[in-house]
Amino acid sequence: MAKKGDWVQVHNIVLRPEERSNALPEDTQKHPLEMWVKGWLQNDAEIGEEVEIITRTGRHTTGTLVKEAPYFEHNFGVLVPEVLKIGDMVREITFGGNK
Amino acid sequence: MDNSYSAIMSRKNEIIRNSVGMDYTKFERPGIGFDYEAMMAATGYTLEELRRVQSLFSVGNTPLIELKNLTALARNCAKPGKGARIFIKDEAANPSGSFKARRSCTSVYQAKKQGYKGVVTATSGNYGAAVACHAAMAGLKCIVVQECYDSRGVGQPEIIEKARKCEALGAEVVQLTVGPELFSTVLRLIEETGYFNASLYTPFGIAGVETLGYEIAQQFRTKIGRDPDVVVCTNAGGGNLTGTARGLRKADCAAKVIGASVNLTGLHMASDDQFNKKSFTTGHTGFGVPFSVNPDRSDVPRSAARPLRYMDRYVTVTQGSVFFITEALASLEGLEKGPAGNTALAAAFRIAQDMDEDQCIVVQETEYTGAGKHINPQLSFARKNGIDIHFGDPKDEVPGKSIILPAHPSLIQVADVDLDHVRRSNIKTQVGAHKDELTDDDIKYLMEETNSTEEFVRGVVASL
């Protein structure tokens, strides 16, 4: 249960597939245009319920509650050993490595 | 109010007129053309005034850095006596971390001056961070609309980082799945809020980049005692190249201007399936070529970004080459930067090898780096999405299938885009169904638009 005043994320279908621009590639055309917005929740609600939020700019908007306390999880990825090898290669060519 | 896609799009002209404080109809000429210079002059700012406005936002005067070790590496790959000195303009030093600061601060300043309460911008890139940054400084509200996720809800790491940065600077970020209807969402938000449309393509934005070209000329004269021979610009929507070239001209600098884009040939920019198969979200041919052919495909009636007017040469480089050079910049120069801004650097590294040792080539931007927006997460994400990453010859790279990291720096190459072909496509697009009504003024306009001769334009028109 998310409480009134919590920071949340809501989801909307902006355009259903049949409402979309007809200038789209087929693979895109079959999906709806979806939208996510974050804001302060205006009523207690469960995930999946239709709710009202107030965004950072003060806009009142509605949508399906999809996330409580959303946060960023992007990172620097897993090891890509090739990156280290490039560094070694260009240093070897330019400076002669440890020679 | 009817908020269906077609209803919003039918209100487009009115919404735009109200939201950029500029009536574009007054620049239209009889026939197919418009008065580009009159539109640029309509900002009301001279270059000196732009510099002053930008200094209010602490934008500009970024360092010009000579990349001596990277130059040594290029000379190692070049014939004796070849290998121009490579310089880079460290635009990541701007407050929001990229040259886009120059483009946004004039727009935000204008919005503030005209009494708008906020700004809206459609961008998945550095421009959003720049607008959010300057809106914060000016005390304006800011909405950034991004194309961010595919239909599985998987986001491009680079775009998610931009969302984080915009939110950190106080903006509201609206995130969408793949599709060009992003534009109708932007129009609806502009209509709802009454905010200024901080489009990337207004004269305010492009005039703001002129200071970059101007500064390059000034800094070269002060530091090196001469003008640069070549300036390389990463090219997507064309504003970076257009503004820089105009600034160089205003400084009476005759350096050749070369556009560079990452080669993403074969990938459709509006494809949901292919959205996360590309490792560059900007600076690529998917924007660079269509916006050169038709600058007015942007979100304003007449785009101020018109790269074909200024480009002396246009080249492409591979994704693997740009990742390689980004790592080389970190390992050899101690400069850790975002990859997209290094597209021009990969091109310059190769072009320098055809130039004499006493010549100078400048890459006119760097961009900030961070989680998601860095070669390691981008390569890591590509590998997770089934892209084959290995060392080899970059000419074998297939966008969307492989990223080939050069097995040796001498394998980094540039491929020339046939500019006459782009010019022909531009003329064909602009002439449309008006072939039989063209006046001498129209021909002159097309010569300016494509930077070509009367003979060339008349020849193309006759062939349509």
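The values are calculated or read from the model by the stated rules, or taken from the named source; none is laboratory data. Keep in mind the model is a prediction, meaning the values are calculated, not measured. With ideal geometry, Cβ positions are generated from the backbone for all residues, glycine too; neighbour counts draw on all protein chains shown. When the accessible area is computed, the model is the full protein with side chains, heavy atoms only, and any ligands, DNA or RNA have been set aside. Shrake-Rupley method; radii C 1.70, N 1.55, O 1.52, S 1.80 Å.
Could you list the residues of region B:394-431 with an amide nitrogen less than 17 Å from a label point located 7 Å from the Cα of B:K256 in the Cα-to-C-beta direction?
B:413-420
For peptide B:184-193, what's the mean number of Cβ atoms from other chains within 10 Å of each residue's Cβ?
Mean shielding by partner chains, rounded to a whole number: 2.
Do any residues of region A:70-89 lose at least 50 Å² of accessible area when the full set of protein chains is present rather than just their chain alone, and if so which, with a 1.4 Å probe?
Checking the loss per residue gives A:F72, A:H74, A:F76, A:V80, A:E82, A:V83, A:I86, A:M89.
Using a 1.4 angstrom probe on the protein heavy atoms only, could you order A:H11, B:H434, A:H60 from most to least accessible area?
A:H60, B:H434, A:H11
Student exercise: in chain A, how many lysine pairs 8 or more apart or on different chains have Cα atoms under 16 Å apart?
Value for chain A: 5.
How much solvent-accessible surface does B:I16 expose, in Å² to the nearest 10, with a 1.4 Å probe and all protein chains in place?
Probe radius 1.4 Å; accessible area of B:I16 about 10 Å².
Given a 1.4 Å probe and every protein chain left where it sits, what share in percent of the accessible area of the protein assembly as shown is carbon and sulfur?
49 percent
Would you please classify the overall shape of region B:83-129 from the alpha carbon gyration tensor, given that a ≥ b ≥ c denote the square roots of the eigenvalues, rounded means a/c under 1.5, and beyond that prolate means a/b larger than b/c while oblate covers the rest?
prolate
With a ≥ b ≥ c taken as the square roots of the eigenvalues of the C-alpha gyration tensor of region B:124-174, please select rounded if a/c is under 1.5 and otherwise prolate if a/b is larger than b/c or oblate if it is not?
Prolate, since a/c reaches 1.5 and a/b exceeds b/c.
Threshold 10 Å², probe 1.4 Å: give the residues of region A:10-32, in number order, that are less accessible with all protein chains present than with their chain alone.
A:V14, A:L15, A:E19, A:R20, A:S21, A:L24, A:P25, A:D27, A:T28, A:H31
Kindly work out what percent of the DSSP beta bridges joining two residues of region B:127-258 are antiparallel, to the nearest 5.
10 percent
Can you give the accessible area of B:S6 in Å² (nearest 10), computed on protein heavy atoms with a 1.4 Å probe?
Ignoring ligands and nucleic acids, B:S6 comes out at about 80 Å².
Just read off the accessible area of B:L56 with the full protein assembly in place, 1.4 Å probe, to the nearest 10 Å².
Solvent-accessible area, nearest 10 Å²: 110 Å².
Based solely on its DSSP helices, what 222 nm [θ] is calculated for chain A when runs of n ≥ 4 H residues each add -39,500 (n - 2.57) and the sum is averaged over all residues, nearest 500 deg cm²/dmol?
Helix-only estimate at 222 nm: -5500 deg cm²/dmol.
Mind scanning B:K79/B:K337; B:K100/B:K162; B:K68/B:K89; B:K100/B:K250; B:K165/B:K401 and naming the pairs with a C-alpha gap bigger than 22 Å?
Where the Cα-Cα span goes over 22 Å, the pairs concerned are B:K79/B:K337; B:K165/B:K401.
For an R0 of 22 angstrom, estimate the FRET efficiency from the Cβ-Cβ distance between B:D440 and B:R297 and round to the nearest 0.05.
That pair, B:D440 with B:R297, gives E of 0.25.
Would you list B:R11, A:R20 from the most to the least accessible area, probe 1.4 Å?
The most accessible residue leads, giving B:R11, A:R20.
In straight Cα distance, which aspartates and glutamates are under 16 Å from B:K395, not counting same-chain residues fewer than 8 positions off?
Partners within reach: B:D416.
Just tell me how shielded B:377-389 is by partners: mean number of partner chain Cβ atoms within 10 Å of each residue's Cβ, no decimals.
3
Counting Lys +1, Arg +1, Asp -1, Glu -1, what net charge surrounds B:E37 among other residues with beta carbon under 15 Å of its beta carbon?
Its environment carries a net charge of +3.
Using r as the Cβ-Cβ distance of B:Q114 and A:E18, and R0 as 56 Å, what FRET efficiency do you calculate, to the nearest 0.05?
0.90
So which lysines pass the test for B:K435, namely a Cα distance under 27 Å, with those fewer than 8 places away in the same chain ruled out?
In chain and number order, the partners are B:K26, B:K444.
Which residues does a label at B:K79 reach in region B:301-315, if reach means a backbone N under 14 Å from a point 7 Å past the Cα toward the Cβ?
From region B:301-315, the list is empty.
Determine the per residue accessible area of the protein assembly as shown with all protein chains present and a 1.4 angstrom probe, expressed in square angstrom.
For the protein assembly as shown, the per-residue accessible area is 38 Å².
Please give me the summed charge of the neighbours of B:F183: other residues whose Cβ is under 13 Å from its Cβ, Lys and Arg +1, Asp and Glu -1.
+1
Using a probe radius of 1.4 Å on protein heavy atoms only, what is the accessible area buried between chains B and A, both sides summed, to the nearest 100 Å²?
4400 Å²
For chain B, what proportion of DSSP beta bridges, expressed in % and rounded to the nearest 5, is antiparallel?
Of those bridges, close to 20 percent are antiparallel.
So which residues in region B:312-333 end up with at least 40 square angstrom less accessible surface once the other protein chains are there, compared with the chain by itself, probe 1.4 angstrom?
Correct list: B:F324, B:E327, B:S331, B:L332.
Compute the label zone of A:N43 within region A:56-89: residues whose backbone N is under 16 Å from the point 7 Å along Cα-to-Cβ.
Counting only backbone N, you get A:60-66.
What does the C-alpha gyration tensor say about the overall shape of chain B? Classify as rounded when a/c is under 1.5, otherwise prolate if a/b is larger than b/c, or oblate.
rounded
With everything on Cα atoms, drop me the angle between helix A:81-95 and the longest principal axis of chain A, reported from 0 to 90° to the nearest 10.
Rounded to the nearest ten degrees, it is 40.
Normalised by the empirical 2.2 N^0.38 Å for globular proteins, what value does the Cα Rg of region B:359-457 take?
In units of the 2.2 N^0.38 Å rule of thumb, it is 1.68.
So for the pair B:D273, B:K26, with labels modelled 7 Å out along Cα→Cβ, what separation do we get in nm?
Label-label distance for B:D273 and B:K26, simple model: 5.0 nm.
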